[in-house]
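The values are calculated or read from the model by the stated rules, or taken from the named source; none is laboratory data. Predicted, not measured: the structure shown is a model, and the values here were computed from it. All Cβ positions, glycine included, derive from the backbone under ideal geometry; neighbour counts span all protein chains shown. When the accessible area is computed, the model is the full protein with side chains, heavy atoms only, and any ligands, DNA or RNA have been set aside. Shrake-Rupley method; radii C 1.70, N 1.55, O 1.52, S 1.80 Å.
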Amino acid sequence: MSFVPTIERISAEEISEIPGLEELIAYWADAPDSPEAWFREAGERLGCGLVMRRNGDILGFALYGPLEYLPRAERCFVGALDPEAAVLAYVEGDSRTRRHILVRILKEMRQRGVSSIEAVSSDAGHPSHTATSFLLESGWRPVRRGWLRGRPYTLMRAELGSTVEVGELARGLIGKVRLPRLKPASPAPGAFVRKERPVTLLKAEAPPS
């Protein structure tokens, strides 16, 4: 038995095995007729999912991909996204898990020649968006804020212009990771419970009337 977590690419056949992933694909990709087919096609373009496991238990996962495959990202009134950037839709798990997954995404996107990653994050804890507070703590920078149905969202960006920049951002993330304490039992797969505090950043615009 190993206590060392592993991060692996998610295959289309594994979608139904990861709690919440099918629902996230439906939300971000506008309910494709076949989530599996969508996942294969988006994955061939840029990669679109990673999962962290330990002894078979799922600790967390991420959904990301090209902007054209995640149309929800353009519907939160945060302005135009960069069509050449990768889009982080969502990352799940505790803070330690999410930071390790983000490091892996940064490195993979850099290797694929992607210059930046963008995310439409939630300032108020929307369950299908990554929290703005987490991305701020992880070295991403805010670009613009928008409102949708009374909820504030922020367009966040991580620049991957050089290997040095990626390395510095990755080292900053890992530096914030605390070693886990051994517990009598690991949580059941899919038992993701996390509350994010609302944050205040940028000068808030008034919600559209």
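At-a-glance table
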read-out	value
Amide H partners (placed H, <5 Å) of Asp123, local residues excluded	Thr132, Tyr153, Thr154
Computed accessible area, Trp140, all protein chains, 1.4 angstrom probe, square angstrom	10 Å²
Inter-site label distance for Arg40 and Lys107 at 7 Å from Cα along Cβ, in nm	2.9 nm
Spin-label model distance (nm) - Asn55 vs Glu17, 7 Å beyond Cα toward Cβ	1.8 nm
Relative packing of peptides 52-59, 65-72 - highest average C-beta neighbours within 10 Å first	65-72, 52-59
